[in-house]
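Each remark here refers to the structure printed beneath this line.
The values are calculated or read from the model by the stated rules, or taken from the named source; none is laboratory data. Predicted model, so just to flag it, every value in this text is computed and none were measured. Glycine also receives a Cβ, built like all others from the backbone with ideal geometry; neighbour counts cover every protein chain displayed. The accessibility values were calculated without ligands, DNA or RNA, using every heavy atom of the protein model including side chains. Shrake-Rupley method; radii C 1.70, N 1.55, O 1.52, S 1.80 Å.
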Amino acid sequence: MYDPQALQAKWLPRWEESNPFAASEDPADPRPAKYMLDMFPYPSGDLHMGHGEVFAIGDVIARYWFQKGYNVLHPIGWDSFGLPAENAAIKRNAHPAEWTYANIETQANSFRRYAISFDWSRRLHTSDPEYYRWNQWLFNRFFERGLAYRKGGLVNWCPNDQTVLANEQVVQGRCERCGAVVVRRELTQWYFKITDYAERLVDDMESLDGWPERVLTMQRNWIGRSTGADVRFQIEGREEPVTVYTTRPDTLFGATFFVVAADAPLAAEICAPAHREALEAYRAEVAKLTDIERLATDKEKTGVFLGVYAINPVNGERIPVWAADYVLSDYGHGAIMAVPAHDQRDLDFARKFDLPVQVVVHTGMADPGETGVATPGEGSLVNSGPLDGLNKAAAIAKIIEILEERGTGRATINYRLRDWLLSRQRFWGTPIPIIHCPDCGEVPVPDDQLPVTLPDLRGEALAPKGISPLASATDWVNVACPKCAGPARRDTDTMDTFVDSSWYFLRYVDPAYTGGPFDVERIRKWGPIDQYVGGIEHAVLHLLYSRFFTKVLYDMGMVDFTEPFLRLLNQGQVINRGKAMSKSLGNGVDLGEQIDSFGVDAVRLTMIFAGPPEDDIDWADVSPAASQKFLARALRVMSEVTSPVGADPATGDLELRKITHRTVDEVTRLVDTNRFNVAVARVMELTTATRRAIDSGPGAGDPAVREAAEALAVMLSLVAPYAAEEGWERLGHAPSVALAGWPTADPALLVRDSVTCVVQVAGKVRDRLDVSPDISDADLESLALASEKVQPYLSGVPRKVIVRAPKLVNIVP
RNA sequence: GGGGUUGUGGCCCAAUUGGCAGAGGCACAUGACUUAGGAUCAUGCCGGUGCGGGUUCGAGUCCCGCCAGCCCCA
């Protein structure tokens, strides 16, 4: 009777004929605009269970907005540059485009079957030259503004992927993509100056009240704003003082030694000749270590004395200068003042090398020099001259005043955020549109010569060799300088694919636009995105970069908003038997197979009904078969209605009408607040109520039954479009139910003529009264006190009576 | 180690934000229909909310301390 595959075969072609979910660009369209966006997929094979969940969730929201009468933009595209395509191409001796575009077609077909309400006319792929041309155009704008620049330095290198990585792409010392342990290399690379926007990236988070708190926290931690001071230390024998950054300038009197990052150029520069050999040996050791090893707090501290002394600017004390690996060359200035009494790492180091420990904050804890436990907490200052007796805040203010007076320091804000390293030594990405000319230097490819397309390389030519495969395409590399026409070479690196995804949501307003990366007029209408749905794994990658791009584009006058995503929903993972699905565990569940077995609607319903969207779904705990049964039940109810289309519901059964309208009211609120699983539960209840009305109530011909069934069809259409469409047709309507309009609850049918009031005595329920919903406190109290069931528990006048009309009376005897 | 978050029937999950702990589903049991039932319809079943304290007339909900899981940062 319920054959989901037959319904799919019946309805899909009909929907395909039109583009029913096309967003209207007609300025006369009176509907308010809404922009619903799912994070676009990477085309690695077919859609998987995770896609099934995200897109089911996003589609509920988009379809709800369609039903509510908004002009909805719900586009789809592909994040189609990236390493897997390249690796596949090497393996098959093919071009990455072949694998990529074949997978895109596969996914597009799966999306169609999965019945997501996309506007297919706006489809884009980031690997199309028409798209990445605009990456290059934007790069040129960033370059002009000084926001794209090249510099040398230590960078993160993934030995497996054979390319550099941005800091954000190193997670716990490992490559975010492949998990290989990242090493440090000295290389010249391109960067985006995201640090210029650090302050705004933090401050603007205030306005992101539609974002999950944990994502905001992660971004705040990542940007890592701290307030402290820069303090200038003279190094004996060096003209220029060395600046250190500290968050605890109040402990300056407790600085007993000075540490320079072993791999910082400064270490080699200031090292006394007698210690040079030791330093070189040490640096060689450190170079072998990964960042994970370097920063592990339980690691034995190592370091070498450099044979020179620094002068503490506040008390003139000579303190020894050491090189160590626990100081990183790219944090602050690559050097620190060490205050062992109040910092555990400094203390560990001091104890290892017998350096003095000077307590300057009296915290009430035992002496760190004795216990080996540093006391980082607050207290009153001691042994600190003018700071003695002050608390932390006052001491910081005072010391900064002193430092500024003497010109040896100042208050500073420091960020942990580093500039975004964007060049990659791989093929399948956007070529960096720079030409290196021996005379003119770095020359951007003129806008009218964009795009710089990729040379035609395939198979073995793409194999990673530590430099970009583009370098081997000599015809491509050697060009005339756009400025002086002399011989020059193209930059052979490609852009991080996170550049592609930093602005794709703007391009959707007109993916064929040729006047710029996006139509600035149209984006005024659609932007910013009302709801963004995607995985938590992008909390500090894509989402941070997109926010940065949006702010730059705002400064360029191209968008009129400073934050791209008003509301963010991070769906959970689909797991199986308590664990992430993986080949090695053999617990994978295939989306296509689930759909073949249970139908699209049942799979979508299972995803939505399983729990709150943010929670993980354990596929072993849910039942697509049960979802299928429910859909059959709902469809039967819709099929059994015998009253004619247009039957006046006002003449129908009042009890069922009340249930229908109450359900509509509740489901509306639930969908508005993303509580889709509860909304489904309410729809199930309405289905049961309608079933009963048909079987043992007013019967299938009652207009209220039609009203209920129609509401059911529309509400169900958010989750189960095929069954809803079929039901809608059986109810005598023309397609499509998707655009039928959201039902509205009649307030008159929401009022209850009586409610149950609970009467408690000392918190225990002793009676229930049927009362009018607008009963007064006084009436209710006397009614409750008069109750026969309550009397036995009372002795005399109660001490207190709490009345919460009309629902509760609590008598304290 | 620091921060965040979660903990409710056998299982997945609700609970108007301080007011009757139970909506929905799974599983299980019983009955009806039936040639048959793994279909359908109906009925039923089980817990006092991780543990310990506190605030309150009243705590799943708020506060404090522990335990466990998950996620970030070290």
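Each Cα pair under 8 Å and six or more residues apart adds its separation to the average, and for chain A the resulting relative contact order is 13 percent.
Taking other residues whose beta carbon is less than 10 angstrom from the beta carbon of A:ILE595, and scoring Lys, Arg as +1 and Asp, Glu as -1, yields -2.
Element breakdown for segment A:587-715 at a 1.4 angstrom probe: carbon and sulfur atoms account for 49% of the accessible area.
Straight-line cross-link reach from A:LYS807 at under 17 Å between alpha-carbon atoms covers these aspartates and glutamates, not counting any fewer than eight positions away in the same chain: A:ASP753, A:ASP767, A:ASP770, A:ASP774, A:ASP777, A:ASP779, A:GLU781.
Computed over segment A:540-595, the Cα gyration tensor eigenvalues convert (square root of 5λ each) into semi-axes of 39, 12, 10 Å, ordered from largest to smallest. Within a straight-line Cα-Cα reach of under 20 Å, A:LYS800 can be paired with the following lysines, leaving aside sequence neighbours fewer than 8 residues apart in one chain: A:LYS764, A:LYS789. Between segment A:674-710 and segment A:21-40, the alpha-carbon centres lie 32 Å apart. Taking a Cβ cut-off of under 12 Å around A:PRO464, the surrounding Lys, Arg, Asp and Glu residues balance to a net charge of 0, with basic ones at +1 and acidic ones at -1. Counted by Cβ distance under 10 Å from A:ALA473, the other residues give a net charge of -1, where Lys and Arg count +1 and Asp and Glu count -1. Taking all protein chains as they are arranged and a probe of 1.4 Å, the heavy atoms of A:LYS789 leave approximately 130 Å² accessible to solvent. The mean of 1/r over all distinct Cα pairs in segment A:10-70, once inverted, gives the Kirkwood hydrodynamic radius of 13.9 Å. Net charge dipole, segment A:10-57: roughly 160 debye, given to the nearest 20, about the Cα centre with Cβ charges of +1 for Lys and Arg and -1 for Asp and Glu. Computed with every protein chain present, the accessible area of A:GLU213 is close to 110 Å² [probe 1.4 Å].
Split the accessible area of segment A:365-512 by element, probe 1.4 Å, and carbon with sulfur accounts for 52%.
Computed over protein heavy atoms with a 1.4 Å probe, the accessible surface of chain A works out to 41 Å² per residue. Rolled with a 1.4 Å probe across the full set of protein chains, the surface gives A:SER597 an accessible area near 70 Å².
At a 1.4 Å probe radius, carbon and sulfur cover how many percent of the accessible area of segment A:31-127?
After summing per-atom areas, the C and S share lands at 50 percent.
The eigenvalues of the Cα gyration tensor, multiplied by 5 and square-rooted, give segment A:705-813 an equivalent ellipsoid with semi-axes of 49, 13, 10 Å from largest to smallest. A compact globular protein would have a Cα radius of gyration near 2.2 N^0.38 Å; the ratio found for segment A:263-392 is 1.13.
For chain A, a Kirkwood hydrodynamic radius built from all Cα pairs, placed in the Stokes-Einstein relation at 25 °C and 0.890 mPa s, yields a translational diffusion coefficient of 78 µm²/s.
For A:HIS125, the residues whose modelled amide H falls within less than 5 Å of its own, excluding neighbours fewer than 5 places apart on the same chain, are A:TRP78. A cut-off of 5 Å between modelled amide H atoms, ignoring neighbours fewer than 5 places along the same chain, links A:ASN71 with A:ALA33, A:LYS34. For segment A:752-813, the fraction of C-alpha pairs farther apart than 17 angstrom is 27 percent. Each DSSP beta bridge with both residues in chain A is either parallel or antiparallel, and the antiparallel ones are about 75%.
The 1.4 Å probe gives accessible areas that order A:LYS551, A:LYS34, largest first, as A:LYS34, A:LYS551. When only alpha carbons are used to place a centre, segment A:248-278 and segment A:567-589 end up 48 Å from one another. Which angle between 0 and 90 degrees, to the nearest 10, do you get for helix A:4-17 versus the longest principal axis of chain A when only C-alpha atoms count? Around 70 degrees separate the two axes. Across segment A:389-520, what fraction of all alpha-carbon pairs, as a whole percent, falls in each successive 5 Å bin from zero upward? That works out to 2, 9, 12, 14, 12, 11, 9, 5, 5, 7, 7, 5, 3, 1, 0, in percent per bin. Its Cα centre serving as origin, chain A has a Cβ charge dipole (Lys and Arg +1, Asp and Glu -1) of approximately 800 debye. The listed residues A:GLU277, A:GLU401 rank as A:GLU277, A:GLU401 when sorted by accessible area, largest first, using a 1.4 Å probe.
Candidate cross-link partners of A:LYS629 among the aspartates and glutamates, defined by an alpha-carbon separation under 19 Å and a same-chain spacing of 8 or more, comprise A:ASP3, A:GLU593, A:ASP596, A:ASP601, A:ASP621, A:GLU640, A:GLU685, A:ASP695, A:GLU725, A:GLU726.
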